[in-house]
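S.K.: Let me begin by handing over the structure; questions about it come next.
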Amino acid sequence: MRTNYNNERMKYKHKVQYYETDKQGVTHHSNYIRIMEETRVDAMEQMGFGYERMEEAGVFSPVMGVTCDYKRPTTFADIIEVEISVAEMSKLKTRFAYKMTSNGKVVCLGTSLHCFLDRNGRPVAIEEHFPEFYKELLTLMKQQ
């Protein structure tokens, strides 16, 4: 489990693949949502609470909503560096924030809202079910 972020937000790097570009040669807008998911999955694994571990414990985290604000285009072979943080958190929901940059310039800002459910679809209070994970999320929130 990763417990010390050294006052840095967690970062993820994605290299734009040729198939992710459109006819104009720029990254298709839908791929930024995928990059947010890749980043979130990686961050959760780094924290020691990947989706596999949570689902084995009977906890699921569906996406409730996504926002994406495109600032600049990226193209094939560009490296997109993503910073993830927790924008807000309640007992039952967490909103992750994503800042994507390439060559030092912001290319996209996004968020994803998630809840936590048990196998029967009932809400789960993550603070009570996974207190260590809750503390990790709080650490990501305090770094904003």
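S.K.: If you check 38, 45, which single one turns out to be modelled with pLDDT of 95 or more and assigned to a helix (DSSP H, G or I)?
M.R.: Exactly one of 38, 45 is modelled with pLDDT of 95 or more and assigned to a helix (DSSP H, G or I), namely 38.
S.K.: Is there any pair with a first residue in segment 56-71 that is among the hydroxyl-bearing types (Ser, Thr, Tyr) and a second that is open to solvent by 50 Å² or more (accessible area, probe 1.4 Å) whose Cβ atoms are under 7 Å apart and which are 6 or more apart or on different chains, and what are they?
M.R.: If the second residue must be open to solvent by 50 Å² or more (accessible area, probe 1.4 Å), the pairs left are 70/29.
S.K.: Sticking with this structure for a sec: Pick from 124, 86, 82: which is within 16 Å of residue 27 (Cβ to Cβ) and either crowded, with 20+ Cβ neighbours inside 10 Å or under 15 Å from the mean Cα position of the chain (by Cα) (or both)?
M.R.: Just a single option satisfies the conditions, and that option is 82.
S.K.: A further question on this structure: Can you work out which of the residues in segment 92-119 that are more than 18 Å from residue 65 (Cβ to Cβ) and surrounded by fewer than 16 Cβ atoms within 10 Å (Cβ to Cβ) is nearest to the chain's Cα centre (by Cα)?
M.R.: In this case the residue turns out to be 106.
S.K.: Could you figure out which of (1) over 19 Å from residue 112 (Cα atoms); (2) open to solvent by less than 40 Å² (accessible area, probe 1.4 Å) isn't true of residue 65?
M.R.: Failed condition: (1).
S.K.: Mind listing whichever residues of segment 66-106 are more than 17 Å from residue 14 (Cβ to Cβ) and not in a strand (DSSP E or B)?
M.R.: Once the filter is applied, which keeps residues that are more than 17 Å from residue 14 (Cβ to Cβ) and not in a strand (DSSP E or B), segment 66-106 yields 90, 91, 92.
The values are calculated or read from the model by the stated rules, or taken from the named source; none is laboratory data. This one's a predicted model, so the numbers in the text were calculated from it and none came from an experiment. As a convention, Cβ positions derive from the backbone with ideal geometry for all residues, glycine included, and neighbour counts pool all protein chains shown. The protein model used for the area step is the full one, side chains on, heavy atoms only, and it has no ligands, DNA or RNA in it. Shrake-Rupley method; radii C 1.70, N 1.55, O 1.52, S 1.80 Å.
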